[in-house]
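So the structure is just underneath, and the comments pick up after that.
The values are calculated or read from the model by the stated rules, or taken from the named source; none is laboratory data. Since this is a predicted model, take the numbers as computed values, not measurements. Here the Cβ is made from the backbone with ideal geometry for all residues, glycine too, and neighbour counts use every protein chain on show. Note: areas computed on protein heavy atoms with side chains; ligands, DNA, RNA excluded. Shrake-Rupley method; radii C 1.70, N 1.55, O 1.52, S 1.80 Å.
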Amino acid sequence: MPATLYGIKNCDTMKKARAWLDARGVAYRFHDYKAEGIDRARLDSWAQSVGWETLLNRAGTTFRKLPDAEKTNLDERKAITLMLGQPSMIKRPVLDIGERLLVGFKSEQYEEAVR
């Protein structure tokens, strides 16, 4: 089963990850949050695997533009609700290779994971 790469098509980090995978002939399916969305069950599963803090992109524009009331007292439930409402708040990319989930793009982690 090929890997699935989750993210947004025009994100620069996504472009780097896709180029890296393509250059190495790694088979993957691209899941675009803007076109396909994301479901709660998948986010819940990812949060259990890597932690909601890892998934939430606090550095991104979408999160920074939130009203302060929405950014304070974050917990898993609140963070997942925010990410469901605006998937661009999910750190990109998320690479699901079945037995492992990678969040963000670091070539050395990808190299180790796809050997």
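Quick notes on this structure:
- In nm, spacing of pseudo-spin labels at residue 108 and residue 64 (7 Å Cα→C-beta vector): 2.7
- Loop-located trypsin sites (Lys or Arg not before Pro) in the stretch 1-50 (DSSP state not H, G, I, E or B) with no more than 11 neighbouring Cβ atoms inside 10 Å: 24.
- Karplus-derived 3J(HN,Hα), 6.51/-1.76/1.60, for each residue of the stretch 108-115, Hz, glycine and proline x: 5, 5, 4, 4, 5, 6, 9, 4
- With all protein chains in place and ligands, DNA and RNA left out, the 1.4 Å accessible area ranks 72, 62 as 72, 62, largest first.
- At an R0 of 30 angstrom, the distance between the Cβ atoms of residue 15 and residue 73 translates into a FRET efficiency of 0.30.
- Å² of accessible area per residue within the chain, as computed with a 1.4 Å probe and no ligands counted: 57
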